[in-house]
Amino acid sequence: MTASLHLTDVSRTHEGAPTPVFTGLELHVASGAAIAILGPSGSGKTTILRLIAGLDTPDTGDIRINGASVLARPPEQRGIAMLAQRPRLFPHMSVLDNVAFGPLMTGAPRREARRQAEQYLDLVQLPGLARRRPSTLSGGQQQRVALARALAASPAVLLLDEPFSALDPSLRADMHQLLLELRALLQPTIVLVTHDHQEAVLLADTIAVLIDGQLQQQGTARQLYEQPASITVSRFLGCLNEIPGKLVSGCHVSALGHFPVPQAEHMPDGPATLVIRQEAVRLVDPTSTAATVIGWVERMVSLGARSLVEVATTTGPLFAEAPPGQIFGSGDMVGMVFPTEQCVLLPDPVMCRGVRGSALLAGRRSNPGSRSRHLAPESTWAER
Amino acid sequence: MSPRTRIGRVVALGSQVSLSVWFVLPLVPVLLWAAARSWTFPHALPEEWGLSGAAAALADGAASAFVSSFILGLMTAALATPAGAMAAYALTFGRIRHERRISLLLLAPVFVPPFVIVMGANVALLRLHVPSSVGLALVLMVTAIPYTTFVMRSAFASYDTGIEEDARTLGAHPLHVLLRIRIPMLSGALTASAFLAFLVGWSDYVITLLIGGGQFVTVPIRVAAAASGTGNEALVAALSVAAAAPPLLLLLTLNVMSRHRSLWRRKAAEPQAAAIFPLIGANS
């Protein structure tokens, strides 16, 4: 079972709150598609799921599932199921009865509901646990049962609210794989809410970036990373390099000099920020003719196999990811290569030089999903 | 073991023994009297054993008093448990104005002397021509509500309503959520609260006497009449033992049931049953 989902002009202000969670929200998901709503904590992601589920009511706008408005329908009649961060299994029922709950509530006889539940337990690879109580299962097993319980209700739309964020990395990877397999098999429409970029990229066809109640951009992971719609999106996705300047006849002019950007030929002249992801920047010998910018290594932070190199330049600090084996010492002179096709010009006005630096650092601190990991305290300085 | 720890253990053990003696000691003469045919001063123990006290109690109408008390206890539990649960739910999850004042009002029967409530209620009920049985049920319910509300509030404090939302999204109608999720999950607390309400009805004296207008001869009324009138200690003792036995049996049964439940609930995230039973000593 699968269905299209449309949210049109949806607004919601929580009772007593001074500002709305969001206004005029538009979200369209094709039948059988998976969309990830990616955003920091408090951006209103969960509220969207609660509105779709019927656990909360929008102030304005419409929510349609398979073309029909569901606003007047209670949660149990919307054809949805929700999987939250915590499994919230019914502690007084066996694992089998937990999974059979959905079919039973939709009118299946108990024997039939249990038979279906067994099939779903097989699907989530937990066939031997049917008679156990939820309290005797591990966290990962409980979340698998919760997934089986949600799927057994045959939802047209499956709502996932940061479902794997409480699991350890290896369990999370297992659950991602399981969800991908189940998706291929059952093809429900999926709305996933997460603050984890990797999870969104892995599980969803399209990603909608929600920041401060505004849907900033919606597109495939590639579109988001290669063509962020704004500085806000670029920053949220972890891009560290922002070079303020202006666009003059398809050329970005900044403290670094003139930098031709072919894809900006059709953009009008005016203030523009050049954005390039640190992963796209190559570090070369400063004498190399390929070097776009020359600077001095400030510090090098280990990211595991790769390292993040901070380079002091005339426009302020810029960042590049160095591959394994490329090691620099503090004060080394390096050349930075900006592949033209990876550069993005954004018309957002950026604050003046010094303020931008501190804003960037503040962003790193307040945004655990992206930049903070680069300067995590446990990171070690690389020494030559 | 350090001397301090040793002293601590001795003090703890001493306190436990003293408390046990303090609780058990008053019961000893009652139990002895209930099984005594004759026991005169200066003998330390009854001279003759027998169940003449029980026989006298039965002849005195103990059986019907027993039934009356039982009905009164069940009625109080049946009324005060759902009322307390609903009040607790509203106070925990509802948006209620003057929540503190309402909580205080619900607790009033505990700290206002019962006869004050009874005298006021009696006049009002008589004026309103409310039958005494209905009046008795209503007033007993009011006196039991503080206990049931208190127990259910602590249960709701650790109750995650998210689980009900999950049930709704899985297709459950609100009534199904109530019957299949909320009541089973709160069964421990509901049992504890029903037990307390039963005790209020079972052991009440003042309200039954005044509001019931002498129509309801319960065990406490029978015991009080026998204790103040006959001078037959064996009869009074037999009645007292009879009055104490049903609640104790009920407590033991609930304890066994709760232990049985806790076998599969031990790790479950529902601390309410565990949090409640220590209140009445049913789940050590």
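The values are calculated or read from the model by the stated rules, or taken from the named source; none is laboratory data. Quick caveat: nothing in here was measured; it's all calculated off a predicted structure. Because the Cβ atoms are built from the backbone with ideal geometry, glycine has one as well, and the counts that use them run over all protein chains shown.
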- Note on the structure: Taking the range B:175-189 and keeping only residues that are in a helix (DSSP H, G or I), in contact (Cβ under 8 Å) with a residue 12 or more places away in the chain and either more than 7 Å from chain A (Cβ to nearest Cβ) or of a type in the set (Ser, Thr, Tyr) (or both), one is left with B:VAL177, B:ARG180, B:ARG182, B:SER187, B:GLY188, B:ALA189
- Taking the range B:31-71, which residues are within 24 Å of the chain's Cα centre (by Cα) and of a type in the set (Phe, Trp, Tyr)? B:PHE66, B:PHE70
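Residue-by-condition table, conditions (1) modelled with pLDDT under 85; (2) out of contact with any Cys (no Cβ under 7 Å at 6 or more places or on another chain); (3) surrounded by fewer than 19 Cβ atoms within 10 Å (Cβ to Cβ):
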| residue | (1), (2), (3) |
| --- | --- |
| A:PHE319 | no, yes, no |
| A:GLY325 | no, yes, yes |
| A:PHE328 | no, yes, no |
| A:GLY331 | no, yes, yes |
| A:CYS343 | no, yes, no |
| A:PRO349 | yes, yes, yes |
| A:CYS352 | yes, yes, yes |
| A:VAL355 | yes, yes, yes |
- Message: Regarding the range B:273-283, can at least one residue be identified that is closer than 29 Å to B:ALA34 by Cβ, modelled with pLDDT of 75 or more and either surrounded by fewer than 18 Cβ atoms within 10 Å (Cβ to Cβ) or within 14 Å of chain A (Cβ to nearest Cβ) (or both)?
- Response: no
- Message: Can you report the number of residues in the range A:314-335 which are over 31 Å from the mean Cα position of the chain (by Cα) and closer than 22 Å to A:VAL275 by Cβ?
- Response: 3
- Query: With respect to B:VAL118, is the statement that it is aliphatic (A, V, I, L, M) and either free of Cβ contacts under 8 Å to residues at least 24 places away in the same chain or not in a helix (DSSP H, G or I) (or both) true?
  - Reply: no
- Message: Can you tell me how many residues within the range A:47-82 are more than 9 Å from chain B (Cβ to nearest Cβ), touching a residue at least 60 places away in the same chain (Cβ under 8 Å) and among the hydrophobic types (A, V, I, L, M, F, W, C)?
- Response: 4
- Note on the structure: Turns out the helices (runs of 4 or more DSSP H) fully within the range A:98-216 with at least 2 residues that are under 30 Å from A:VAL10 (Cβ atoms) and more than 14 Å from every other protein chain (Cβ to nearest Cβ) are A:169-186, A:197-203
- Note on the structure: Of the residues in the range A:75-100, those that are within 22 Å of the chain's Cα centre (by Cα) and farther than 20 Å from A:SER4 by Cβ number 5
- Query: Is at least one residue of the range A:146-154 out of contact with any strand residue (DSSP E or B) (no Cβ under 9 Å at 6 or more places or on another chain), in the same structural domain as A:LEU104 (by TED's automatic domain parsing) and at pLDDT 90 or above?
  - Reply: yes
- Task: Scan A:ASP205, A:ASP212, A:ASP161, A:ASP168 and give me the residue that is surrounded by fewer than 18 Cβ atoms within 10 Å (Cβ to Cβ), within 26 Å of B:THR169 (Cα to Cα) and under 19 Å from the mean Cα position of the chain (by Cα).
- Result: A:ASP205
- Among the residues listed as A:LEU237, A:LEU256, the single one being closer than 29 Å to A:ALA200 by Cβ, surrounded by 15 or more Cβ atoms within 10 Å (Cβ to Cβ) and of a type in the set (A, V, I, L, M): A:LEU237
- Task: Test B:THR148 against the stated conditions and say whether it is more than 11 Å from chain A (Cβ to nearest Cβ) and of a type in the set (S, T, N, Q).
- Result: yes
- Message: Among the numbered criteria (1) over 23 Å from the mean Cα position of the chain (by Cα); (2) crowded, with 21+ Cβ neighbours inside 10 Å, which one does B:ARG222 miss?
- Response: (1)
- Residue check: is A:THR194 modelled with pLDDT of 90 or more, closer than 19 Å to B:LEU170 by Cα and within 24 Å of the chain's Cα centre (by Cα)? no
- Search the range A:83-97 for residues being more than 18 Å from B:ARG180 (Cα to Cα) and surrounded by fewer than 21 Cβ atoms within 10 Å (Cβ to Cβ), and hand back the single one that is farthest from the other protein chains (Cβ to nearest Cβ). A:GLN85
- Task: Output yes when any residue across the range B:159-174 is in a helix (DSSP H, G or I) and more than 10 Å from every other protein chain (Cβ to nearest Cβ), and no when none is.
- Result: no
